[in-house]
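Presented below is the structure to which this report refers.
The values are calculated or read from the model by the stated rules, or taken from the named source; none is laboratory data. Quick caveat, the model's predicted, so the values are computed rather than measured. Every residue, glycine among them, receives a Cβ derived from its backbone with ideal geometry; neighbour counts consider all protein chains shown. Please note that ligands, DNA and RNA were not included when accessible areas were found on the heavy atoms of the full protein model with its side chains. Shrake-Rupley method; radii C 1.70, N 1.55, O 1.52, S 1.80 Å.
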Amino acid sequence: HWIAVDCDDYEDDMRADLSDVDLSNVDLHGVDLRNANLSGADLTNAELRDADLGGANLSHANLCNACLRGANLTDADLHAANLFAADLRFVNMYNASLSNVNAHCASLDDANLCDTSWNYADLSMAQIINSNLTHSVFYSANLRTVNLRGSNLHDADMTNSDLSCSNLSNVNL
């Protein structure tokens with residue numbers, strides 16, 4: 001009912017609960033899952049392009065190789081999620097929580113990553129080209145060999161982060 005948007009008015013506060021559900025290889029292109037509970041869900045290879053996941057709980061979710069291109073993840077909780085090799089280009093993650101996330105080899109080009117929290121995250125070998133990371137926190141994050149070319153890191157906190165072998169050309173620090 002949530003996805004089909006056929007709920008009665010009194011059920012407006014209803015929240016989709018897909019926690020721990022196997023949604024691997026599922027096509028959820030453009031779906032509205034605002035504030036949904038997807039904690040622990042398996043979304044491996046899922047198609048979530050242009051989906052609205054604003055405020056969703058995706059903590060401990062497996063999004064390995066998932067396509068989230070253009071998705072809205074504003075205020076989403078992705079704590080300890082697996083974003084290995086995920087396509088997050090053009091995503092809006094404003095104010096998202098990404099602590100302890102595995103985003104190794106993820107693609108985050110042209111993304112809005114303002115005010116995000118990446119504490120203890122693994123972003124090694126990720127592509128974060130021309131993205132906005134202003135006011136973001138990367139405490140003790142692994143940023144080895146990350147391509148940050150052309151990104152805006154104004155007022156970002158990189159305390160104890162490893163940026164060795166990373167591409168910082170044309171980055172606003």
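Starting from the stretch 160-171, keep only residues that are more than 13 Å from Y139 (Cβ to Cβ) and of a type in the set (A, V, I, L, M), then list their pairs with residues that are at pLDDT 95 or above and outside any loop (DSSP other than H, G, I, E, B) whose Cβ atoms are within a distance under 8 Å, requiring at least 6 positions of separation or different chains.
V171/N152
Please tell me if N95 is among the polar types (S, T, N, Q) and open to solvent by less than 40 Å² (accessible area, probe 1.4 Å).
no
Restricting to the stretch 60-81, name every residue that is closer than 21 Å to G30 by Cα and open to solvent by 20 Å² or more (accessible area, probe 1.4 Å).
N62, C64, N65, C67, R69, G70, N72, T74, D75, D77
Listed here are the residues, each with its yes/no results for (1) of a type in the set (A, V, I, L, M, F, W, C); (2) crowded, with 21+ Cβ neighbours inside 10 Å.
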| residue | (1), (2) |
| --- | --- |
| A106 | yes, yes |
| T116 | no, yes |
| S131 | no, yes |
| T134 | no, no |
| N142 | no, yes |
| R149 | no, no |
| H154 | no, no |
| L163 | yes, no |
| N167 | no, no |
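Could you tell me whether the stretch 101-124 includes any residue that is acidic (D, E) and assigned to a strand (DSSP E or B)?
Applying the first criterion (acidic (D, E)) to the stretch 101-124 yields 109-110, 115, 122.
If we keep only those that are assigned to a strand (DSSP E or B) too, we end up with 122.
So far as the stretch 101-124 goes, yes, one or more of its residues are acidic (D, E) and assigned to a strand (DSSP E or B).
Restricting attention to the stretch 132-173, which residues are within 19 Å of C114 (Cβ to Cβ) and in contact with a Phe, Trp or Tyr (Cβ under 6 Å, 6 or more places away or on another chain)?
F138, A141, M158, T159, S161
Does the stretch 105-127 hold any residues that are more than 17 Å from C67 (Cβ to Cβ) and within 13 Å of the chain's Cα centre (by Cα), and which are they?
N112, L113, C114, D115, T116, S117, W118, A121, D122, L123
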